[in-house]
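The values are calculated or read from the model by the stated rules, or taken from the named source; none is laboratory data. It should be emphasised that the depicted structure is a prediction, and the values quoted were computed from it without experimental measurement. Here the Cβ is made from the backbone with ideal geometry for all residues, glycine too, and neighbour counts use every protein chain on show. Please note that ligands, DNA and RNA were not included when accessible areas were found on the heavy atoms of the full protein model with its side chains. Shrake-Rupley method; radii C 1.70, N 1.55, O 1.52, S 1.80 Å.
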Amino acid sequence: MFKEVTINTKNNEEIVDITEKVERLVKESNLNEGICTIFVKHTTASIIINENWDPSVGKDLLELLEEIAPKHKAYSHNDGNAHSHLKSAILGTSVTIPILNNELQLGRWQDIFLIEFDGPKERKIIVQIK
Ligand code: ZN
């Protein structure tokens, strides 16, 4: 199964939990055993797995990335979003999760997140289940 999912982010930087959307597609696929790849088709956003319980984990992550690639700094790429490209490159644009018994094999504290680094924008995410 190959699906494109659109997410409209609301803020310049934002963490969006997309786990339920992906789980719904896994159910629809009826696949008993396989893999699910989640891929964002942009260079200023990321897909990661992280803790789902305490939102302060996401806040700390954004703060860490801001220390590594601050918004206000002289970059060679000068269209104003160099820091967004760097943050996206550091975290990556896809994750792969095993499927067993038609369920994502996520750990108890793991959820799937889209991270926006240059929003608000319309973001296209590919979910491939096979
Ligand atoms: Zn750019």
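Values as computed for the structure displayed
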quantity: Residue ID - surrounded by the fewest Cβ atoms within 10 Å (Cβ to Cβ), chosen from residues in the stretch 116-130 that are under 21 Å from Thr96 (Cβ atoms) and among the hydrophobic types (A, V, I, L, M, F, W, C); calculated: Ile126
quantity: Where a residue in the stretch 69-94 is open to solvent by 50 Å² or more (accessible area, probe 1.4 Å) and acidic (Asp, Glu) and its partner, wherever it lies, is within 12 Å of the ligand (Cβ to nearest atom) and in a helix (DSSP H, G or I), with Cβ under 9 Å and at least six apart; calculated: none
quantity: Every residue from the stretch 24-63 that is in contact with a helix residue (DSSP H, G or I) (Cβ under 8 Å, 6 or more places away or on another chain) and of a type in the set (Gly, Ala, Ser); calculated: Ala45, Ser46
quantity: Search result, residues across the stretch 50-78 that are of a type in the set (A, V, I, L, M, F, W, C), away from the ligand (no atom under 16 Å from the Cβ) and part of a loop (DSSP other than H, G, I, E, B); calculated: Trp53
quantity: Within the stretch 79-95, tally of residues that are more than 9 Å from the ligand (Cβ to nearest atom) and either modelled with pLDDT under 95 or part of a helix (DSSP H, G or I) (or both); calculated: 7
quantity: Some residue of the stretch 19-35 being outside any helix (DSSP H, G or I), in contact (Cβ under 8 Å) with a residue 60 or more places away in the chain and out of contact with any strand residue (DSSP E or B) (no Cβ under 9 Å at 6 or more places or on another chain); calculated: yes
quantity: Filter result (assigned to a loop (DSSP other than H, G, I, E, B) and open to solvent by 80 Å² or more (accessible area, probe 1.4 Å)) within the stretch 96-115; calculated: Asn101, Gln105, Arg108, Trp109
